[in-house]
Amino acid sequence: MVAGQGKYGWEPTPFVWHAKPSEGLEPSEGYKPLAAALVLKRRIPIRGFAARLNILYIPKGPLMDWSNEPLRKRVLDDLQSFAKRQGAIFLKIDPDVVMGTGIPESEDNGVDNNGQAVMSELKRRAGCSHQIRSNSAIPSCSICPHPKMSCWHL
C-alpha cells in the first residue's frame with residue numbers, strides 16, 4: 001500500500017482556500033479559511049491501458065459560502081484544474097446546498113434562488129446534466145475536468 005493511501009484505496013488530499021491579499025482584508029482576517037475540501041483519489045486499474053485513470057470524490061463538500069459567487073468560481077476552478085492534472089475521469093462532489101424547502105410541486109414548496117444558481121453552474125461545469133441529482137434537498141454532481149470532451153461516468 002502506498003504511504004498516505006487509505007485502507008480501501010482512497011488517497012486523501014486536503015485543500016484550504018484563504019483570502020487573497022487583493023481582497024482587502026485585514027492581515028489577521030487574511031489567514032481565516034474561506035473554503036475547504038478533502039479530495040479523495042482512487043486509481044482505476046484497467047488492463048490494457050497504459051494511462052492510469054483516477055476518480056476524485058469530495059464527500060459533503062467543498063465547504064464554503066455557496067452564495068459567494070467569486071469564491072465559488074475560484075474553488076470550483078481550482079478543483080477542476082486539480083482534477084485535470086490528476087488525470088481524473090470525473091470529480092464527484094456532494095455540496096451542502098439547499099435547493100428549496102417543503103415538498104416539491106406542493107403549495108409549501110419554496111425554491112431557494114442561491115441553490116438554483118449553484119445547480120445551474122454545476123450543470124454547466126458537468127457538461128452532461130444527467131449527472132446532477134436534484135430530487136433531493138442536497139445536489140450531487142460529477143464535474144468533468146475536460147469539458148470539451150465527452151466524460152466517462154462509472
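The values are calculated or read from the model by the stated rules, or taken from the named source; none is laboratory data. Note that the structure is predicted; figures quoted are calculated from it, not measured. Methodologically, a virtual Cβ is constructed for each residue, glycine included, from the backbone with ideal geometry; neighbour enumeration extends over all protein chains shown.
For the range 24-57: of the residues being modelled with pLDDT under 80 and in contact with a Gly (Cβ under 8 Å, 6 or more places away or on another chain), which is farthest from Ala83 (Cα to Cα)?
Ala51
Would you point out the residue of the range 67-95, among those that are over 19 Å from Pro12 (Cβ atoms) and among the acidic types (Asp, Glu), that is surrounded by the fewest Cβ atoms within 10 Å (Cβ to Cβ)?
In this case the residue turns out to be Asp77.
If we keep just the residues of the range 62-111 that are assigned to a loop (DSSP other than H, G, I, E, B) and at pLDDT 90 or above, which is nearest to Ala36 (Cα to Cα)?
Only one residue fits best here, namely Pro62.
Take Asp108 and decide whether it is farther than 15 Å from Lys73 by Cβ and over 12 Å from the mean Cα position of the chain (by Cα).
For Asp108, the condition - farther than 15 Å from Lys73 by Cβ and over 12 Å from the mean Cα position of the chain (by Cα) - is met.
Does any residue of the range 131-138 turn out to be among the small types (Gly, Ala, Ser), at pLDDT below 80, in contact with a helix residue (DSSP H, G or I) (Cβ under 8 Å, 6 or more places away or on another chain) and part of a loop (DSSP other than H, G, I, E, B)?
yes
Quick one: which residue in Gly87, Gly48 is free of Cβ contacts under 8 Å to residues at least 12 places away in the same chain, at positive phi and more than 15 Å from the chain's Cα centre (by Cα)?
Gly48
Which ones in the range 96-115 are charged (D, E, K, R) and either exposed (fewer than 14 other Cβ atoms within 10 Å of the Cβ) or touching a Phe, Trp or Tyr at 6+ places or on another chain (Cβ under 6 Å) (or both)?
Selection gives Asp96, Glu105, Glu107, Asp108.
What pairs come up if the first residue lies in the range 96-117 and is under 19 Å from Pro62 (Cα atoms), the second is part of a loop (DSSP other than H, G, I, E, B) and of a type in the set (Lys, Arg), and their beta carbons are under 9 Å apart, counting only those six or more places apart or on different chains?
Asp96/Lys60
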